[in-house]
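Let me begin by presenting the structure, written as structure tokens, before commenting on it.
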Amino acid sequence: MPSPTPALAPAHARIAVVGAGPGGLTCARILQRHGLAVTVYDRDPDAGSRDQGGSLDLHEDDGQIALREAGLLEEFFALARPESQEMRHLDPSGRLLGHHLPAEGETSAPEIDRGQLTGLLLRSLAPGTVRWGRALTAVGGPADGPRTLTFTDGTAVEADLVIGADGAFSRVREAVSPAKPRHTGVGFLEAWFDDMEGTHPELSALVGKGNAHAADGERGLFAQRNSGGHMRVYLIRKTPVDWLSRHGLRPEDTKGIRAHLLREYADWSPELLRLLTDNDGPYVDRPILALPVPHTWERSRTVALLGDAAHLMPPLGVGVNLAMLDACELALALTCSTTVDDAVRTYEKTMLPRSTETARMLDGAAESLLEEPTAEDLARFGGDRP
């Protein structure tokens, strides 16, 4: 009979990471740098099977710390866009209220496309580390291990430690917590723009090289420049999860959704309305979800959670940074601890209080994206309220 996981040294443990996002891949990379074996399982058929999402700003006090431990900070800066730290605040008439331009050499939070970051981490791993096309059904087996991971393709593997890096709807989380994500009452509707300089030069000039935000107290938008001349715009509104069907709309009904948005934003300037209507392709509905605050669970000797699987919060610039810091700290704990059990205890002693504090600060904060900027907000960006 296999020895229970708590008695195992990390060097002898079968470590399984579920989820090949930035958090899971960062954890795997740091483990491999320290000579520990790890396998990553992901539901996607391959690395390029779906859109990876927009741009991420990696902060020097969390995301960049993780990349330094991964030995990838220099490569990150070669790909990152420090100019995208530019931020503009606009009012619904299109007037510039506040403007932050990054200083020469500023690297506090440069942007990188999520796909580029994922690619950087994937290239750093040993061949065969990631097993694609493995959608997890459940984590079974005794609490003291070994645990059994069962996948939808009918296969199963055993692991002494299962690391859940599988996001908002984590199947690994179900092994330790009954918590489910809940809707915050706020939704994003994502619109994509291509060839900004050639096809959308006026919008390029309006948004600048980084991000632009506008809000009127009831609705808002956030425009985000990506690499390769692309841009994403997130339309921010208070909406129920089923708002499309309530209005007789379908996700593929681009024309109908566009007409609905024009009614909602009717009093915004024609210049800003182009950020709603001139998109290249369909809209993507993204309800904003969060886990209960605080989200804690009885410590498991064989399961650890990181990132959104542990502390899903509104998307206010902390998600990927916390996930990568979690990944870094868990991996380092495994390299320094006598047993897997000790490593999980050490990791959660820091991670849980930190995530609880941050989640409390951000609880209900999704609605702040709909608010007009205060005088204090604008002072930070070199502007004044009208």
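Can you tell me which residues in the range 347-366 are over 22 Å from Asp144 (Cβ atoms) and without any contact (Cβ under 8 Å) to a residue 40 or more places away in the chain?
Thr350, Pro353, Arg354, Glu357, Met361, listed by residue number.
Answer yes or no as to whether Ile30 is in contact with a helix residue (DSSP H, G or I) (Cβ under 6 Å, 6 or more places away or on another chain), in the same structural domain as Leu322 (by TED's automatic domain parsing), modelled with pLDDT of 95 or more and β-branched (Val, Ile, Thr). Walk me through how you get there before you give the answer.
Working: in contact with a helix residue (DSSP H, G or I) (Cβ under 6 Å, 6 or more places away or on another chain): yes; in the same structural domain as Leu322 (by TED's automatic domain parsing): yes; modelled with pLDDT of 95 or more: yes; β-branched (Val, Ile, Thr): yes.
The answer is yes for Ile30.
For the range 114-151, enumerate the residues that are in contact (Cβ under 8 Å) with a residue 40 or more places away in the chain and closer than 12 Å to Tyr41 by Cα.
Thr129, Val130, Arg131, Trp132, Gly133, Arg134, Ala135, Leu136, Leu149, Phe151
Scan the range 155-169 and give yes if some residue there is surrounded by fewer than 19 Cβ atoms within 10 Å (Cβ to Cβ), touching a Pro at 6+ places or on another chain (Cβ under 8 Å) and in a strand (DSSP E or B), otherwise no.
Checking the range 155-169: at least one residue is surrounded by fewer than 19 Cβ atoms within 10 Å (Cβ to Cβ), touching a Pro at 6+ places or on another chain (Cβ under 8 Å) and in a strand (DSSP E or B).
Can you name the residue in the range 134-149 that is among the small types (Gly, Ala, Ser), assigned to a loop (DSSP other than H, G, I, E, B) and more than 21 Å from the chain's Cα centre (by Cα) and is also surrounded by the most Cβ atoms within 10 Å (Cβ to Cβ) among such residues?
Gly145
Can you list residue pairs whose Cβ atoms sit under 7 Å apart, with the first residue in the range 176-197 being free of Cβ contacts under 8 Å to residues at least 40 places away in the same chain and surrounded by fewer than 22 Cβ atoms within 10 Å (Cβ to Cβ) and the second being part of a strand (DSSP E or B) and of a type outside the set (D, E, K, R)? Count only pairs 6 or more apart in sequence or on different chains.
Short answer, once both residue conditions are applied: Met196/Met231.
Looking only at the range 246-283, count how many residues are surrounded by 15 or more Cβ atoms within 10 Å (Cβ to Cβ), among the aliphatic types (A, V, I, L, M) and not in a loop (DSSP other than H, G, I, E, B).
Counting residues in the range 246-283 that are surrounded by 15 or more Cβ atoms within 10 Å (Cβ to Cβ), among the aliphatic types (A, V, I, L, M) and not in a loop (DSSP other than H, G, I, E, B) gives 6.
For the range 307-319, indicate whether the set of residues that are of a type in the set (Val, Ile, Thr), buried (at least 17 other Cβ atoms within 10 Å of the Cβ), in contact with a Leu (Cβ under 9 Å, 6 or more places away or on another chain) and within 26 Å of Thr339 (Cβ to Cβ) is non-empty.
No, that holds for no residue.
Among the numbered conditions (1) at pLDDT 95 or above; (2) buried (at least 16 other Cβ atoms within 10 Å of the Cβ), tell me where Thr356 comes up short.
Unmet for Thr356, out of (1) at pLDDT 95 or above; (2) buried (at least 16 other Cβ atoms within 10 Å of the Cβ): (2).
It is to be established whether one or more residues within the range 332-355 are within 13 Å of the chain's Cα centre (by Cα) and not aliphatic (A, V, I, L, M).
No: the range 332-355 contains no residue that is within 13 Å of the chain's Cα centre (by Cα) and not aliphatic (A, V, I, L, M).
Taking the range 102-135 as the search range and keeping residues that are in contact with a strand residue (DSSP E or B) (Cβ under 9 Å, 6 or more places away or on another chain) and of a type in the set (Asp, Glu), which one is farthest from Gly53 (Cα to Cα)?
By that ranking, first place goes to Glu111.
Condition first: acidic (Asp, Glu), more than 19 Å from Leu25 (Cα to Cα) and in contact (Cβ under 8 Å) with a residue 12 or more places away in the chain. Now tell me which residues in the range 327-346 satisfy that.
Within the range 327-346, just Asp341 meets the criteria.
The values are calculated or read from the model by the stated rules, or taken from the named source; none is laboratory data. If you're wondering where the values come from, they're calculated on a predicted model, not measured in any experiment. Here Cβ is always computed from backbone atoms with ideal geometry, including for glycine, and neighbour counts include all displayed protein chains.
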